[in-house]
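Contents: one structure, followed by commentary.
The values are calculated or read from the model by the stated rules, or taken from the named source; none is laboratory data. Every value quoted in this text rests on a predicted model; they were computed, and no experiment measured them. Cβ placement follows ideal geometry from the backbone for every residue including glycine, while neighbour counts extend to all protein chains displayed.
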Amino acid sequence: MTDELFGANRLVTLIGTVIAALCVGAIWSYLSESMGFRVSIFIRYVLFATCSYLIVGLLTLRRTGNPRRRIPGSVRIAVLGSIVFVVSMYLVYAFPDVWKFRYTTAEPSVFNYFVTELKDLGMALVLHTIIDSLIVLLVLGLVSHIASIIVGIVRRNDYA
C-alpha cells in the first residue's frame with residue numbers, strides 16, 4: 001500500500017482529509033444525541049473532527065523521510081487524527097464531569113476514580129480509533145480514486 005494508492009497529490013489528500021473529518025464529526029454528533037440531531041452539537045463535533053484531522057494531515061504531509069520504511073501518509077492521518085479527535089473530545093466533555101463528580105462515586109479516592117476514567121478512555125480510544133480510521137481510509141481512498149479518474153479524463157482530453 002503506497003501513497004500513490006491514496007493520491008500522492010497533497011491537495012487531494014487534504015481535501016479528502018477534510019471530507020473524512022466532516023463524515024466522522026457528523027457520525028459522532030448523530031450517535032451522541034441518541035440518533036437525533038441538534039445543530040450546536042453537530043457543529044461542535046464537526047469542528048473538533050475537522051481541526052484534529054487537518055492538523056494531523058498538515059503535519060503528516062509536511063514530513064518527509066525514507067519512503068520504504070514509513071507508514072503511508074493516509075494511514076498516519078487516519079490513525080493519529082482519530083487519536084487526537086477522541087482525546088480532545090474526552091477532555092472537553094468527560095474530564096469536567098470527572099472533576100465535578102469526583103466525590104459522588106463509590107470510589108475510595110480521587111486517584112482510583114481517575115484511574116477508572118483513564119481505563120474508560122483507553123477502551124474508547126481503541127474502539128473509536130479503529131472505527132474512525134476505517135471511515136477516514138474509505139473516504140480518503142474514494143476521494144483519491146475520484147481525483148485519479150478526473151486526472152485521467154483531463155489527460156485523455158488534452159491529447160484528443
- Output the residue which, of all residues in the range 36-53 that are aromatic (Phe, Trp, Tyr) and under 8 Å from Gly25 (Cα atoms), is surrounded by the fewest Cβ atoms within 10 Å (Cβ to Cβ). Phe42
- Query: Among (1) modelled with pLDDT of 85 or more; (2) touching a helix residue (DSSP H, G or I) at 6+ places or on another chain (Cβ under 6 Å), where does Arg102 come up short?
  - Reply: (1)
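Which residue, of Asp132, Asp120, is surrounded by 12 or more Cβ atoms within 10 Å (Cβ to Cβ) and at pLDDT below 85?
On the way: Asp132 fails: at pLDDT below 85.
The conditions single out Asp120.
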- What number of residues within the range 36-60 are among the hydrophobic types (A, V, I, L, M, F, W, C), in contact with a Phe, Trp or Tyr (Cβ under 7 Å, 6 or more places away or on another chain) and touching a residue at least 24 places away in the same chain (Cβ under 8 Å)? 2
- Query: Are any of the residues in the range 79-90 modelled with pLDDT under 70 and of a type outside the set (Gly, Ala, Ser)?
  - Reply: no
- Query: Before we move on, is Thr13 of a type outside the set (Phe, Trp, Tyr), in contact with a Lys or Arg (Cβ under 9 Å, 6 or more places away or on another chain) and at pLDDT below 85?
  - Reply: no
- Note on the structure: Cβ pairs under 6 Å, 6+ apart or interchain, first in the range 133-160 and under 19 Å from Ala20 (Cα atoms), second polar (S, T, N, Q) and surrounded by 11 or more Cβ atoms within 10 Å (Cβ to Cβ), ordered by first then second residue, are Ser133/Ser82; Leu140/Ser74
